[in-house]
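Report on the following structure.
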């Protein structure tokens, strides 16, 4: 395992004004020696590309704005393990939950733009500017680095709902004479906003029932206290047990996460032909990070995400791998903002 030649962050080039530190003198001599060797070496010694050269990056922190044990946290920990092995340096996960991801996001936005602090986040990053008027960080404070994965939701209903497919569910919701009840993990969450978009596109009213977390919401759905919910692949086990019905998956095309389920967009309801909602997972960093360093970090992430170990981790998490470039990820986030902003405003949705 190669150790970084880079000094620790708390050891600057000088310990006090006018006096060079021992570490700085060593680094200066090493740099001079390397420069001399470079001048005497043949051109072929530089054939190794920058992407293949050792990345002497130093200790790095992945901030996760969610509690430990969740999907985003699990993906971040898988990333940290592979990056630690690749770099030969500690890559630590720091959970900064609270405030609907605002606390962790603000911490990442305030971090030094040296590439050693990355934010691993999800859906709330694009919806919070519409849910919360006074965020403690400015728009554009963070730069998209790489999208890692995506997870379309599955529409589940309680067995008491007289519908087994999307057309019959829409017909029931339009004709029942009372609003359909949708559970979610909280105001402004992905299941909540997805349900509001679904209802608005088919022209019905729903009653949103927010819970403090996904577990209590799912418990009440299985118990029949609420009628429907957008949730992850993990809840398909309740379908096998006969406790829930799965109506469709919220992707435009068939999803490998639920190959036996028809996409809602392809289920024969014209108003839902463009319906899609998904949780995404990606990495961002302070926008002032130098562009060459951003490019190198993207190359490092790409190399790690292409390993069998990371692909297995993504598969175990129940999400689809989707690696987008910086430009592609930025375009995706822009489209997400344009999709969800109008829904949040029209329904006057506020965060918990």
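The values are calculated or read from the model by the stated rules, or taken from the named source; none is laboratory data. Predicted model only: the values in this text are computed from it and were never measured. Cβ coordinates were reconstructed from backbone atoms using ideal geometry, including for glycine residues, and neighbour counts include every protein chain displayed.
Overview of values
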| quantity | calculated |
| --- | --- |
| Test: residue 257 is part of a loop (DSSP other than H, G, I, E, B), outside the structural domain of residue 142 (by TED's automatic domain parsing) and at pLDDT 95 or above | no |
| Residue in segment 105-127 that is in the same structural domain as residue 303 (by TED's automatic domain parsing), within 24 Å of residue 190 (Cα to Cα) and surrounded by fewer than 17 Cβ atoms within 10 Å (Cβ to Cβ) present | no |
| Single match in 276, 335, 288, 351 (criterion: surrounded by fewer than 20 Cβ atoms within 10 Å (Cβ to Cβ) and part of a helix (DSSP H, G or I)) | 335 |
| Selected residue [more than 21 Å from residue 269 (Cα to Cα), in contact (Cβ under 8 Å) with a residue 40 or more places away in the chain and in contact with a helix residue (DSSP H, G or I) (Cβ under 7 Å, 6 or more places away or on another chain)] from 149, 153, 163 | 149 |
| Qualifying residue in segment 223-230 (condition: surrounded by fewer than 18 Cβ atoms within 10 Å (Cβ to Cβ), outside the structural domain of residue 118 (by TED's automatic domain parsing) and at pLDDT below 95) | no |
| Residue list for segment 291-307, filter: touching a strand residue (DSSP E or B) at 6+ places or on another chain (Cβ under 8 Å) and buried (at least 16 other Cβ atoms within 10 Å of the Cβ) | 294, 297, 298, 301, 305 |
| Residue match in segment 206-226 (condition: within 17 Å of residue 343 (Cβ to Cβ) and out of contact with any helix residue (DSSP H, G or I) (no Cβ under 7 Å at 6 or more places or on another chain)) | yes |
